[in-house]
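Novice: Supplied in structure tokens, the structure appears directly below.
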Amino acid sequence: MPVLLAPEQAPSLTNLLANVNTAGLNTFIADNSQPDPIIQGIGSLQQAGPNEISFLSNPRLKAELDRCKAAVVIVPPEVFEALKDRDLSYRLVKCDQPYLLYALLAQWFDRHRISRLPSGVHPTAVIHSSAQLESNVHIGPHCVVEADARIGSGSRLGPGCVVGEKSVLGHDCLLHARVTIYHGVQIGSRAILHSGSVIGADGFGFAPDPSSQGAWAKIAQLGGVHIGDDVEIGANTTVDRGALDDTVIGNGVKLDNQIMIAHNVHIGDHTAMAACVGVAGSTVIGKRCTIGGAAMLSGHITLGDDVHVSGGTAITSNVAQPGRYTGVYPFAEHVQWQKNAAVISQLSQLRRRVRACEKNQD
Amino acid sequence: MPVLLAPEQAPSLTNLLANVNTAGLNTFIADNSQPDPIIQGIGSLQQAGPNEISFLSNPRLKAELDRCKAAVVIVPPEVFEALKDRDLSYRLVKCDQPYLLYALLAQWFDRHRISRLPSGVHPTAVIHSSAQLESNVHIGPHCVVEADARIGSGSRLGPGCVVGEKSVLGHDCLLHARVTIYHGVQIGSRAILHSGSVIGADGFGFAPDPSSQGAWAKIAQLGGVHIGDDVEIGANTTVDRGALDDTVIGNGVKLDNQIMIAHNVHIGDHTAMAACVGVAGSTVIGKRCTIGGAAMLSGHITLGDDVHVSGGTAITSNVAQPGRYTGVYPFAEHVQWQKNAAVISQLSQLRRRVRACEKNQD
Amino acid sequence: MPVLLAPEQAPSLTNLLANVNTAGLNTFIADNSQPDPIIQGIGSLQQAGPNEISFLSNPRLKAELDRCKAAVVIVPPEVFEALKDRDLSYRLVKCDQPYLLYALLAQWFDRHRISRLPSGVHPTAVIHSSAQLESNVHIGPHCVVEADARIGSGSRLGPGCVVGEKSVLGHDCLLHARVTIYHGVQIGSRAILHSGSVIGADGFGFAPDPSSQGAWAKIAQLGGVHIGDDVEIGANTTVDRGALDDTVIGNGVKLDNQIMIAHNVHIGDHTAMAACVGVAGSTVIGKRCTIGGAAMLSGHITLGDDVHVSGGTAITSNVAQPGRYTGVYPFAEHVQWQKNAAVISQLSQLRRRVRACEKNQD
């Protein structure tokens, strides 16, 4: 459950909006004559209580406005116009991007509800004498920072993180508990890495050894991983190091949980991937793409900018044009599925039969 | 290999059955005049040795009974009737639910073969002074328990676990090595969490920021995770915290390895999911559902109670009726697959051609 | 970025080739009259610099030879014959298996660029008094080795690894940071396990308890895991312990990241699986198979030797014959996909309509 701030720590509505960067958002508080409400938290239209702020971003939820118990609701201009003269139990805030304003407010409440990790190195952490810790870093219990690694100023490592030899973190990064960074990995500033993520494990490369009955010779993975600024990486996601060159993740890329990025993949700036996606080796993905959950991208292919892949879709060849691409087998009641699936293995034959019918009719 | 108990520690058959809760199972030991065998372990029909107990639950394995070397075999009533007057090398136990009795016996042997973790806090563990440890807890080496967290009586944490700020574990939970629980997570009693599982990482929420060329603004995830009693969570499974409200997992839910539960998902009581399943955000799953391995559930959909999803199936819309649902592309020899798959991208055209043939025949 | 050796540490070409085992490779250095170049690293044809060695194994990259800046290029005999009399900016090495020679050279450079972990037990590691550490082992910070476990000579454990009770590692294994091995697991020699992998968690076994409204009784998993020699296991991959008998992984098996091997699976020698594969319980896979990324294998099925499964394919029944098997829904532009997918749920009906047309024509 979301924690409410104590009333004495909670801001007034005016102060709250002044404390987040609403530049460019066209925000307007209705009815300034009323007293300035104290805002202890932020909630959904359905759940927000009388000391919370809420928002309407999805027009399908408009009906919830009638039942909403929040103190304040952020609405888009057209809804504001429709409601502004009605007698409402909540204050209105007009904003042309309510969802973005919600994001900023949620960030503000998040910063104020959890103890900020203090600067300092926990005595149980093991820091190599050649590692560089810049100012104001937090290194949690049982962390390990290996030789020649560098942790940028303001970065915070939760319990049990490992940063390998010669790896570099930029400034103001947040590693939650138990993140593993192998040697030779470069990560930019303001990264957020979640627990269980592993950056820089060996790419999967083996040469068949014809002399030895099916045995594989390991191809040592000599490349690294290069991650830009403002990247978020989800829990238990893995990003492998390159074979010879680097695996590259651009600025502002967002990866959800349990994603697998294979060696030598390149991901363009601001591309976002939902959970359970797999990207095979050497594939290149453009900028501003979105990849739906559990989609799979084959190796050695190229996706252009602004390509949107639906969840569960296997992309097996290049996609040059922007647009949305899908390939999901439709589900059905099991018995119905069995009947239709049986035809799939005869489809090319069925097409031949249709051709024959057509010819007979000519 | 399963470890046998030393003969001096092993129970007799009568004592073994008396030591598990067979209430309601209708259990009957044949041939009480014979000496009571000593049972050192439990094995499959094929592998059990002369000091072990075995069981028949799958009727397809009946033929294995002839070759079985076990001391005792648990069989259902109809098999018991067929065998009871034959001269067998093993003792029979009649039970109307042999598989359930096997489960109970396996639990008993498991408790007796591995050293029970002793109560106490390992000196390398880091426990915040405000954390509450109830009676008889075991906190393993290198664990971290953060501020205001509470560990219920009898709960055991393996090496390297992390329990975040204000999170609560019920009593008699078992966390295997390296489980991560973020802040603000509630877990009921008797939970079993396997290594690498991560509970409470941020849900994947970002607002597009139109002013900034494709950049995403993070939506801080202010909700928590609420997990009921008797839940098991597999290795490297991730359960994300809610955006504003909680992600909710009901009582008796069983999650296998490498499952991804996104933010704000609700899972009903006693639902079980096999490995590699992904459930996207805000989806609601009913009670007593089973979800096959690698199935994928889209976000914002609802599955009713007693829905059974086959492995590998993508569920992309609501499923209200109980039943089994499937959607898997049938595999074939590669060249054959290529031919048929080529027709798939022309299916709607093929249907039109069939319609035309039909019309010509009218 | 790959790290170059300092010139004073770098070998000459002749020495480099003498230092890797080229037995059986038919390696020949052209133009022995020229001075022996110093080789500081290894790079791709596109990226290698003037102090590096490169190789051509994929004939499609032949055009890159003209732009290659490497000091030395390894080529197959037919390319060698075509080039040997031309005036090239690089030295040629002829080899009938350039890719295998590259693998061996990459291994050599890998050994020489990263500090070798020294023998010894870090003072923060927690080693049970009954555990056996053989000679020359490295036990990193915050490792835990439990009762009666054994670590073979020359094996190295990175930070935060856990080896459970009675588990055994062979000699010269490498466990990267944060590998978890449960109790009762046997691993052969020269294994490489990547971070976040979990070996020996409970298989997913529950008996329905009809008396209790959908509740599940846990089937304690009494088997272990048996892993052969020369196995590599990727980051966040999970291998579950057997229910009664062991889960078995043969010699030389290579598993990529985020793979799930369920209880009682058997994998034959030298089989390789790409990332995100799931193998359900009790399935048996032959020798020298390759399983493409995100393929899913149902439980209780058998794949013979030399079966090759394409990425994204669900194998739902036995495959006896060697060969390549595929089952992937072809992707398309979303609107086109919608049209075709709508026909899939009417396929058996469409086939009936074709039959009717055919009959009418008879």
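Novice: For the list (1) closer than 21 Å to A:Thr124 by Cβ; (2) within 12 Å of chain A (Cβ to nearest Cβ); (3) over 26 Å from the mean Cα position of the chain (by Cα), I need the number of the one condition that B:Leu133 fails.
Specialist: For B:Leu133, the failing item is (2).
Novice: Restrict the check to the range C:164-171 and report whether at least one residue is acidic (Asp, Glu) and more than 9 Å from chain B (Cβ to nearest Cβ). Full working, then the answer.
Specialist: Looking only at the range C:164-171, we keep the residues that are acidic (Asp, Glu), and these are C:165.
Still in the list and also more than 9 Å from chain B (Cβ to nearest Cβ): none.
No, the range C:164-171 has no match at all.
Novice: For the range C:315-334, check the following and say yes or no: at least one residue is at positive phi, open to solvent by 10 Å² or more (accessible area, probe 1.4 Å) and assigned to a strand (DSSP E or B).
Specialist: So the first thing to find is which residues in the range C:315-334 are at positive phi, and the list is C:323.
With open to solvent by 10 Å² or more (accessible area, probe 1.4 Å) added as a condition, the list becomes C:323.
With assigned to a strand (DSSP E or B) added as a condition, the list becomes C:323.
Scanning the range C:315-334 turns up at least one residue that is at positive phi, open to solvent by 10 Å² or more (accessible area, probe 1.4 Å) and assigned to a strand (DSSP E or B).
Novice: Something else about it: Looking at C:Ala320, C:Ala332 in this structure, which one is more than 18 Å from B:Thr313 (Cβ to Cβ) and facing chain A (nearest Cβ under 9 Å)? Steps first, please.
Specialist: Details: C:Ala320 fails: facing chain A (nearest Cβ under 9 Å).
Selected residue: C:Ala332, the only one of C:Ala320, C:Ala332 that is more than 18 Å from B:Thr313 (Cβ to Cβ) and facing chain A (nearest Cβ under 9 Å).
Novice: On to the next question. Being within 10 Å of chain C (Cβ to nearest Cβ) and of a type outside the set (A, V, I, L, M) is the filter here, so list the residues in the range B:335-351 that pass it.
Specialist: Within the range B:335-351, the subset within 10 Å of chain C (Cβ to nearest Cβ) is B:335-338, B:340-351.
Scanning the range B:335-351 gives B:Gln336, B:Trp337, B:Gln338, B:Asn340, B:Ser345, B:Gln346, B:Ser348, B:Gln349, B:Arg351.
Novice: Still on this structure, please answer the following. How many residues does the range B:1-21 contain that are surrounded by fewer than 16 Cβ atoms within 10 Å (Cβ to Cβ), touching a residue at least 40 places away in the same chain (Cβ under 8 Å) and over 16 Å from B:Pro50 (Cβ atoms)?
Specialist: So the answer is 3.
Novice: Out of the residues in the range B:201-212 that are under 22 Å from B:Ile187 (Cα atoms) and open to solvent by less than 10 Å² (accessible area, probe 1.4 Å), state the one that is farthest from the chain's Cα centre (by Cα). Break it down stepwise before answering.
Specialist: First pass over the range B:201-212, keeping only residues under 22 Å from B:Ile187 (Cα atoms): B:201-204.
Of the ones still in play, those that are also open to solvent by less than 10 Å² (accessible area, probe 1.4 Å) are B:201, B:203.
Values: B:Ala201: 20, B:Gly203: 22 Å.
Going through the qualifying residues, I end up with B:Gly203.
Novice: Look at the range C:254-285 and say how many of its residues are aliphatic (A, V, I, L, M) and either assigned to a loop (DSSP other than H, G, I, E, B) or under 11 Å from the mean Cα position of the chain (by Cα) (or both).
Specialist: The initial filter retains those residues of the range C:254-285 that are aliphatic (A, V, I, L, M), namely C:255, C:259-262, C:265, C:267, C:272-275, C:277, C:279-280, C:284-285.
Add one more test, that the residue is either assigned to a loop (DSSP other than H, G, I, E, B) or under 11 Å from the mean Cα position of the chain (by Cα) (or both), and what stays is C:255, C:259, C:262, C:265, C:272-275, C:277, C:280.
Summing the residues that are aliphatic (A, V, I, L, M) and either assigned to a loop (DSSP other than H, G, I, E, B) or under 11 Å from the mean Cα position of the chain (by Cα) (or both) in the range C:254-285 gives 10.
Novice: In the list B:His171, B:His194, B:His226, which residue meets the criterion of being closer than 21 Å to B:Thr271 by Cα, surrounded by fewer than 24 Cβ atoms within 10 Å (Cβ to Cβ) and assigned by TED's automatic domain parsing to the domain that holds B:Ile259? Break it down into steps so the answer makes sense when it comes.
Specialist: Details: B:His171 fails: closer than 21 Å to B:Thr271 by Cα; B:His194 fails: surrounded by fewer than 24 Cβ atoms within 10 Å (Cβ to Cβ).
Checking each option against the conditions leaves just B:His226.
Novice: Of all residues in the range A:247-293, count the ones that are open to solvent by 10 Å² or more (accessible area, probe 1.4 Å) and touching a residue at least 60 places away in the same chain (Cβ under 8 Å).
Specialist: 4
Novice: For the structure I just gave you, tell me whether A:His308 is at negative phi, facing chain C (nearest Cβ under 9 Å) and open to solvent by 40 Å² or more (accessible area, probe 1.4 Å). If you could, list the steps in order and put the result at the bottom.
Specialist: Numbers: at negative phi: yes; facing chain C (nearest Cβ under 9 Å): yes; open to solvent by 40 Å² or more (accessible area, probe 1.4 Å): yes.
Answer is yes for this residue.
Novice: Looking at C:Ile114, C:Ile127, which is the one that is at pLDDT 95 or above, of a type in the set (Val, Ile, Thr) and surrounded by fewer than 21 Cβ atoms within 10 Å (Cβ to Cβ)?
Specialist: Values: C:Ile114 fails: at pLDDT 95 or above.
Every option except C:Ile127 fails the conditions.
Each row is one residue, and each column tells you yes or no for (1) at pLDDT below 95; (2) more than 22 Å from A:Leu244 (Cα to Cα); (3) in the same structural domain as C:Tyr102 (by TED's automatic domain parsing).
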{"site": "C:Asn19", "(1), (2), (3)": "yes, no, yes"}
{"site": "C:Thr22", "(1), (2), (3)": "yes, no, yes"}
{"site": "C:Asp31", "(1), (2), (3)": "yes, yes, yes"}
{"site": "C:Pro35", "(1), (2), (3)": "yes, yes, yes"}
{"site": "C:Ile39", "(1), (2), (3)": "no, no, yes"}
{"site": "C:Gln47", "(1), (2), (3)": "yes, no, yes"}
{"site": "C:Ile53", "(1), (2), (3)": "no, no, yes"}
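Novice: Could you go through the range C:220-228 and let me know if any residue there is in contact with a helix residue (DSSP H, G or I) (Cβ under 8 Å, 6 or more places away or on another chain) and free of Cβ contacts under 8 Å to residues at least 40 places away in the same chain.
Specialist: Yes, that holds for at least one residue.
Novice: Taking the condition more than 26 Å from the chain's Cα centre (by Cα), within 9 Å of chain B (Cβ to nearest Cβ), free of Cβ contacts under 8 Å to residues at least 40 places away in the same chain and open to solvent by less than 10 Å² (accessible area, probe 1.4 Å), does C:Ala215 pass? Can you show your working first?
Specialist: Values: more than 26 Å from the chain's Cα centre (by Cα): yes; within 9 Å of chain B (Cβ to nearest Cβ): yes; free of Cβ contacts under 8 Å to residues at least 40 places away in the same chain: yes; open to solvent by less than 10 Å² (accessible area, probe 1.4 Å): no.
So C:Ala215 does not fit the description; no.
Novice: Quick check, is B:Ala342 open to solvent by 20 Å² or more (accessible area, probe 1.4 Å), at pLDDT below 95 and in contact with an Asp or Glu (Cβ under 8 Å, 6 or more places away or on another chain)?
Specialist: On the way: open to solvent by 20 Å² or more (accessible area, probe 1.4 Å): yes; at pLDDT below 95: yes; in contact with an Asp or Glu (Cβ under 8 Å, 6 or more places away or on another chain): no.
Criteria not met by B:Ala342.
Novice: In the list C:Ser44, C:Ser12, C:Ser89, which residue meets the criterion of being more than 12 Å from chain A (Cβ to nearest Cβ) and touching an Asp or Glu at 6+ places or on another chain (Cβ under 9 Å)?
Specialist: On the way: C:Ser44 fails: more than 12 Å from chain A (Cβ to nearest Cβ); C:Ser89 fails: touching an Asp or Glu at 6+ places or on another chain (Cβ under 9 Å).
Result: C:Ser12 is the single residue among C:Ser44, C:Ser12, C:Ser89 that is more than 12 Å from chain A (Cβ to nearest Cβ) and touching an Asp or Glu at 6+ places or on another chain (Cβ under 9 Å).
Novice: From the list A:Ala275, A:Ala215, exactly one residue is modelled with pLDDT under 95 and either under 19 Å from C:Ser197 (Cα atoms) or touching an Asp or Glu at 6+ places or on another chain (Cβ under 8 Å) (or both). Which is it? Don't jump to the end; show me each part of the working.
Specialist: On the way: A:Ala275 fails: modelled with pLDDT under 95.
Answer to the selection: A:Ala215.
Novice: A further question on this structure: Suppose the filter is in contact with a strand residue (DSSP E or B) (Cβ under 7 Å, 6 or more places away or on another chain) and not assigned by TED's automatic domain parsing to the domain that holds C:Ile249; does C:Ser345 pass it?
Specialist: Details: in contact with a strand residue (DSSP E or B) (Cβ under 7 Å, 6 or more places away or on another chain): yes; not assigned by TED's automatic domain parsing to the domain that holds C:Ile249: yes.
When the stated conditions are applied, C:Ser345 passes them.
Novice: Residues of the range A:232-245 being in a strand (DSSP E or B) and at the interface with chain C (Cβ under 10 Å from one of its Cβ atoms), which ones?
Specialist: Those that are in a strand (DSSP E or B) and at the interface with chain C (Cβ under 10 Å from one of its Cβ atoms): A:Thr238, A:Val239, A:Asp240.
Novice: Restrict the check to the range C:295-302 and report whether at least one residue is in the same structural domain as C:Gly200 (by TED's automatic domain parsing), buried (at least 24 other Cβ atoms within 10 Å of the Cβ) and in contact with a Cys (Cβ under 6 Å, 6 or more places away or on another chain).
Specialist: no
The values are calculated or read from the model by the stated rules, or taken from the named source; none is laboratory data. Bear in mind that the values here come from a model prediction, so they are computed numbers and not experimental data. All Cβ positions, glycine included, derive from the backbone under ideal geometry; neighbour counts span all protein chains shown. Areas reflect the complete protein model, heavy atoms only, side chains present, ligands, DNA and RNA absent. Shrake-Rupley method; radii C 1.70, N 1.55, O 1.52, S 1.80 Å.
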